[in-house]
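Scroll down for the structure; my scribbles are underneath it.
Each value in this text was obtained by applying a stated rule to the coordinates, not by laboratory testing. Predicted, not measured: the structure shown is a model, and the values here were computed from it. Note: ideal-geometry Cβ built from the backbone for every residue, glycine included; neighbour counts use all protein chains shown.
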Amino acid sequence: MSQPSVTVVGSLNEDVVVTVRRLPGRGETVIGSAVEVLPGGKGANQAAAAGRLGGGVHMVGRVGDDDAGARQLAALTDAGVDVTRVHRTAGAPTGSATIPVEAEGGENLIVVVPGANAALTAADVDVEPVRRAGVVLLQLETPMPTVLAAARAAEGTVVLNPAPAQPLPAELLGVVDVLVPNEHELVQLAGAVPAARTHAELAELARGLAARSVVVTLGGDGVLVVPADGPAVHQPPLAVEPVDTTGAGDCFCGALCRALSAGQGLPGAVGYAATAAALSTTGPGARGGLPDDDAVRSALIRLPAARAV
């Protein structure tokens, strides 16, 4: 690897996206109006987002030895991602996710079946694309020991998106450079009671974690940046008309790592990622709206200025 790059270690899924008038409540049946089968998985979505923004992106993961696995590899290759280290797994299906999405506003729910993702091992991630990457991006849809092994093997910047939310071992938090939770995940990691909180109160929770810097995604309220040194800032969102918010957080993570690998500082990288994530919601599914670098840079002029918290 002669240039700084992004390596994503994580999940690859096939998404079944169902359009509904409104999301169902507990025990409730609703009628869908459309269904699509799309490439997904938090890891693969983040890799695809980074790949659309530039070259030098590698994916490390597992799919089944099935047609769904072949489709996931083809989709990532089409997004400009190197899939050499994505292994086919005999005896396990490719991971899958079922996602109902509201027709108006794009709100969604996600149910994931890991499949081959659960077979990703520490040996799978002790490879050159992880060791030599400028930025290594991790999530929690693969086994925790594997995530920890990847973080330890990385020689570059380690970014962790702690989703789906679960307790994190101290040894993992201790080697993370940038932690990217949403508000719910931050509260859970901090062991706090769910409640409405100001940006300053959220920043205080973030400072109690072991990660060097924390970037909290707040959905329609933008992003809170709590750097290792210096004051916290709030980045308001870019105004768009959302079609589908599925995968917006994944796009943010992929774009953040792409910007960091290109040498941007954390505040600038967050602005770039927030813009990319907003643009991603204007298309269907987790990848239908992924922007390229030109689109992000053109929209950046409309991004509101960040404000100190």
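The figures follow:
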quantity	calculated
Residue order, fewest to most surrounding Cβ atoms within 10 angstrom, among Leu256, Leu303, Leu76	Leu303, Leu76, Leu256
Sorted by Cβ density within 10 Å, fewest first, the residues Cys257, Cys251	Cys251, Cys257
The range 197-309, dipole about Cα centre (Lys/Arg Cβ +1, Asp/Glu Cβ -1), debye to the nearest 20	200
GNM result for the chain, Cα springs below 10 Å: residue of Val111, Val17, Val147 fluctuating most strongly	Val111
Share antiparallel - DSSP beta bridges, the range 18-177, percent rounded to 5	35
Summed side-chain charge close to Asp292 - residues other than Asp292 whose Cβ falls under 12 Å, Lys, Arg +1, Asp, Glu -1	+1
For the chain: rounded, prolate or oblate by the Cα gyration tensor [a/c cutoff 1.5]	rounded
Distance from the range 185-253 to the range 277-309 (C-alpha centre basis), Å	17
The chain, relative contact order [Cα under 8 Å, separation at least 6], %	18
Beta bridge orientation in the chain: antiparallel %, DSSP, nearest 5	40
Considering only the range 164-309, percent of DSSP beta bridges that pair antiparallel, nearest 5	75
Value at 222 nm in deg cm²/dmol, rounded to 500, when DSSP H runs of n ≥ 4 in the chain each add -39,500 (n - 2.57)	-9000 deg cm²/dmol
